[in-house]
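Below: one structure, written as structure tokens.
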Amino acid sequence: MSDEEEPLVKIRTRFEDLCRALNMDEEASTEAWKSYENISRNFTLEGSELHWLACALYVACRSSVPTVGKGTAEGNYVSLTRVLRCSHISLIEFFSKMKKWQDMAKLPQDFCQSTDKLERNFTVSAVIFKKYVPIFRSIFKTPSEEPLRVHRSRKQRRHPCSVSELFNFCWVLYVHAKGNFPMISDDLVNSYHLLLCALDLVLTNALLCSARRDLLNPNFKGLPEDFSSRDYRPPAGPLCFMEQLCELHDGLVLEAKGVKEHFWKPFIKKLFHKRILRGKEDSLSGFLDPMNFGDSFLSLSRLYEEQVLASGGLDERIFTGEGASEDIGTPEPSLCEEVENQDSSLYRLHTSLAASVLKVSTPLTGRKYVQEVHLASPLSTAMKSVGRLHTLLSGTKYGPSSKLTQILRGCSRDPSDVISQRLKDMLDIFTQHHEDSSDDSKGMEKDMAVKFFHLSEALYYRILESIVEREKMILGDADLSCILEQDVFHRSLLACCLEIVTFSYRPPGDFPRVIHTFQLPAYHFYKVIEVLVRSEQGLFREVVKHLNQVEEQVLESLAWTSNSPLWHSLQSAQVPTCQEVMPPQYLEQNEDSGGAGVALTPASQGPDLSTITGVSPSPTTLQDRYGSPPTGGFRRRLFVDPTEGETSATRTPPSSVTKPSLIATIPAGQTVVATATVTANNGQTLTIPVQGIPNENGGFTFIPVQVGGATLQPLPAQNLTSTLAVQSAVTKPVTKAASSPLRKGSLSLFFRKVFHLASVRLRDLCAKLDIPTDLRRKIWTCFEHSLVHSTEMMKDRHLDQLLMCAVYVMAKVTKEDRSFQNIMKCYRTQPQASSNVYRSVLISGSTRSSSTTDTNQSSSSDSRKDPAGGDISPGLTRSSSTLVTPQPSGDSSSSAVDGGEEERGDLIHFYNDVYIKQMRQFAVRYSRSSLSTGVDPPPLCPYPTLRTGSPRRMLLSSKHSIYISPHKSGSAPCPALPRDRICYYISSSPPNRLQEINSMIRTGETPSRKRSIPLDKETSPKRVCPDNHTALLRRLQDIANDRSSSH
């Protein structure tokens, strides 16, 4: 036996012992071992081999097996809990290993989704169990307060249930009910209300059973007032404590009662009817009687075990077991532990780990606006989100308001009927995708879908009304028929409302399922997100974070799929550079732009764009976003300060296409020689020499030199499409960027958002890799070049893949090496990071374009060398995070498949076979060897700035018009406010201004008395420095506002 075979034999022996302990069938054992052998050859499996074998066994156990008389069944009825216990792996570690196993084994999407749902179900149960323990302790006595049991004879075998037994019984009853309703099993809000229903039933039975009132905690606030008296008798009618439980433990009464009537009661009646629960079926009571409790608990436990084995789910009785902490992987709350012991740092660690699946991470683009709340409970967050949603929709109806109806009828073509029919069609589609096939809960999935859709419909009409009012403010009396007839806008808006409702009940949502359901292109769907956020001020902060996350998913990958409308748009337009779409105040100032001579304006020193002629102050309209071809002013990015004059037509040109203005540096009358490339209408290009002469209008006129006896017409400078090689007979003038309008339209807005997103992620990545600023700008230039000139590389790929490759190649050519292992290690710390981004990258396939293929075919192995012989390939670099083992091309773990199917590999594979072959010639121009030979590097592209400030004005109350908005310290005083508005500036306005705001809220009337503020007396201990004139301007403005409101 060789040294290589000996470890495998030991592993095989341990695997066989595991199979015998689980009584595993031979077919599943053989399949699991073959899978393990195949994956262990191609991948580095870190950690215990037994843990990976557990993953292989679970996959084999979930395969379809033949049955007698019933066709096939899913799974072989081997308990997942037994597999984990025999393999000595905790549940949390199993889910972590299982995700990697799915990637390595390339399991079907359906299986991956079922595993994700299993993890979500576990996480929901973990969060709810954390709430269950303190609620149960508040209703019932603790085990320490329970009297000792009296010894009974053998004939008296029926013991009254203890508090601990009741604790376990109530939990089993809850998890069994939750497992019977798959539509709410991962719904955090409704699952919590289901728990309150279980507690309500047990509490009611304890009150009705006179022998079991000793279980109740007499200090429980929800008990009847006369409960402590000896003559207490329960009322004749049915008891219900849902309102008290919701009030005491942050439930939503209407939601909880709806769950009780539509889900809980029918389910409990079935249990009584089948004699699973023993007692009185008409009043749903009696199972706590000593003669019934034992049989009821035993029958319920058996029924739940069958359910777990049949579904392949997790036995959630694991939470109440003695070894819960070891089985789960984190400390769990216990009924016997004191509350103060559960507030330890170890217990708080469990809180964050158990909620990791449900937590909505703040994207990098929004972290300067919204601070992370690490200790916030996912349940409390979900309850607040649903509560805010109901408050938002209170008083609304499932249809347009009278005001919106009047607006729609005022259009030249009334779209009301079309909108109504569209919503009916979308309801049918939505319910068809949510119908449950199981007989036990038939129709309940559809009922939940209808409920979600009706909430979304009410939100849709509310936001549509706000959007239409905003459009009328911008466009005046213009007809809105063309805007309101945009089908993709209405479907996107309704889908976005559905995503908000779904996210509120089931964080972190299930996007992009909603756009797949309605077959909405992600490239069109994202356009409505910013419109919705700006129109509805009452959205909960977690909802805004989620929509930010959704927009990032579209920008990074979903809009770049091969069937995306983006590629159709790019057939008639060129990908813009960052400088062509980004306002100059959002670009970093840099004196040395690599020879481009681009003068950039920082945000803090930029001119007042509102004073520039030709600037439209109007915000972006829907016609601009959805019109074809798109027109109008430029769009503002979500979660970014709207800057006045943002749609300015005066912008600096891209650094890669420099159009110098020579007026300031060339004496009047001097002729300048240059070359220009002119593009004709038929697409042909011609390079011609031109002479530039300053004109009287302050511009520069280029006159083509006579070519072949023919003279072309004079060309304005803005029509030149390539870099002008400017020469002077006397001196070589210093060039300066000429004014050039920003590119407009929905395509430019898309790339503006893409560039901003990429810049934020790259800035974070470079900071963690300790990359200096000058190298970061080179990396950014390389990334921008790949996106603009090799756009096909993004097809069916991810934005982060190009970013990481750009970091590696530019660090390599500049001799500041950063390994792929460290790059991916730092990347994994970003909130959007996913292992699939660097483990499963498209290498080749049917979606690749001919231009890309030709480029790759023309490149050979020497493409990894720079002109000086330096290697810019990562070679066989491997990461310690179970990356694919690099293989020769004929033996690759993700080998190419004939027939046009795609080939996938890891990020290193993509870099070697695709990326470097297209980017080599550009990247090596920054190498030291190229600089030593006199080759000038390409000019560096300007880097977007890191924006600061509050993103938008926020509504603080749904009942009153109270807003909070940023006030820039350097801005001029705002004009006098209307009489019905009061403004308070933090640290500068007088304190009694807050009293006036409070009085206005209480009475609804605006104070009209005059006030005087002495200028020589400071009104706040946080007074701004007197040297700063901003404080004086604010005080003067306050006086002006007060006087204007008093007349």
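The values are calculated or read from the model by the stated rules, or taken from the named source; none is laboratory data. On a predicted model such as this, the values are computed, not experimentally measured, just so you know. Note that we place each Cβ from the backbone using ideal geometry, even for glycine, and neighbour counts take in every protein chain shown. We work out accessible area using only protein heavy atoms, side chains counted, and drop any ligands, DNA or RNA first. Shrake-Rupley method; radii C 1.70, N 1.55, O 1.52, S 1.80 Å.
Compute the distance in nm between two label points, each set 7 Å from the Cα along the Cα-to-Cβ direction, one at K825 and one at S299.
Taking the simple label geometry, K825 and S299 are separated by 6.0 nm.
For all pairs of alpha-carbon atoms in the range 378-559, what percent lies in each bin of width 10 Å, listed from the first bin to the last filled one?
Reading upward from the zero bin: 9, 36, 37, 15, 2, 0.
Can you list the HN-Hα couplings for the range 88-97, worked out from phi with the Karplus curve (6.51, -1.76, 1.60; θ = phi - 60°), rounded to whole Hz and with x for Gly and Pro?
6, 10, 6, 5, 5, 5, 4, 5, 5, 5
Rounded to the nearest 0.05, what FRET efficiency is calculated for E326 and K10 with R0 set to 30 Å and r the Cβ-Cβ distance?
Details: r = 25 Å, r/R0 = 0.83.
Between E326 and K10 the formula returns 0.75.
Scan around K280 for amide H atoms under 5 Å from its own, H built in the peptide plane at 1.01 Å from N, and keep only partners 5 or more places away or cross-chain.
Correct list: S285, G286, F287.
Could you count how many Lys pairs in the range 4-107 have their Cα atoms under 21 Å apart, skipping same-chain pairs fewer than 8 positions apart? Show your work: numbers first, answer last.
Numbers: K10/K34; K34/K97; K34/K99; K34/K100; K34/K106; K97/K106.
The result is 6.
So for T773, T320, T391, what's the accessible-area order with a 1.4 Å probe, most first? Before the final figure, lay out each step's value.
Numbers: T773 85, T320 40, T391 60 Å².
Greatest to least solvent exposure: T773, T391, T320.
Taking the full set of protein chains and a 1.4 angstrom probe, give the accessible area of S96 in square angstrom, rounded to the nearest 10.
Solvent-accessible area, nearest 10 Å²: 60 Å².
Probe 1.4 Å, all protein chains in place: accessible area of E542 in Å², nearest 10?
Rounded to the nearest 10, that gives 20 Å².
Would you count, across the range 378-559, every pair of lysines whose alpha carbons are under 23 angstrom apart, provided the pair is eight or more residues apart or spans two chains?
14
HN-Hα J couplings of the range 177-182 from phi, Karplus 6.51/-1.76/1.60, θ = phi - 60°, integer Hz, Gly and Pro as x?
5, 4, x, 7, 10, x
Let me know the shape class of the range 90-146, please: from the alpha-carbon gyration tensor, a ≥ b ≥ c as square roots of the eigenvalues, rounded when a/c is under 1.5, otherwise prolate if a/b is greater than b/c, or oblate.
prolate
Does anything in the range 760-780 have its amide N under 13 Å from the 7 Å Cα→Cβ label point of L931, and if so which residues?
774-776, 778
Considering only Cα-Cα distances, which of the following residue pairs are longer than 20 Å: K131/K270; K117/K795; K795/K917?
K131/K270; K117/K795
Using only the Cα atoms of the range 436-518, build the gyration tensor, take square roots of its eigenvalues as a ≥ b ≥ c, and label the shape rounded, prolate or oblate: rounded if a/c is under 1.5, else prolate if a/b is larger than b/c, else oblate. Intermediate results must be reported in sequence, preceding the final value.
Working: a/c = 2.79, a/b = 2.66, b/c = 1.05.
The shape class here is prolate.
Given a 1.4 Å probe and heavy atoms of the protein chains only, how would you sort R230, R14, largest accessible area at the top? Mind dumping the intermediate values first?
Numbers: R230 230, R14 110 Å².
From most exposed to least exposed: R230, R14.
Please calculate the 1.4 Å probe accessible area of F783, with all protein chains present, and give it to the nearest 10 Å².
Probe radius 1.4 Å; accessible area of F783 about 0 Å².
Using 7 Å Cα-to-Cβ label points, what is the H516/S40 separation (nm, one decimal)?
Between H516 and S40, the label points sit 3.4 nm apart.
If I model a spin label as a point 7 Å beyond the Cα along the Cα-Cβ vector, how far apart are those points for R275 and Q574 in nm?
Going by the 7 Å Cα→Cβ label model, 8.4 nm.
Whose amide H sits under 5 Å from the amide H of I843, counting only residues 5 or more places off or on another chain, with H placed in the peptide plane?
Correct list: E903, R904, G905.
Quick one: what does P(r) look like for the range 4-107 with 5 Å bins over all Cα pairs, in whole %?
2, 12, 25, 25, 20, 10, 4, 2, 1, 0
Short version: ³J(HN,Hα) in whole Hz for each residue of the range 490-497, in order, from phi by Karplus 6.51 cos²θ - 1.76 cosθ + 1.60 (θ = phi - 60°), x for Gly and Pro, what are they?
Using θ = phi - 60°, the values come out as 5, 5, 5, 5, 5, 5, 5, 5 Hz.
Hey, can you grab everything whose amide H is under 5 Å from the amide H of F140? Only 5+ residues off in sequence or another chain; H modelled, so Pro and N-termini drop out.
N217
Could you give the accessible area per residue of the range 4-107, probe 1.4 Å, as a whole number in Å²?
Computed with neighbouring chains in place, this is 52 Å² per residue.
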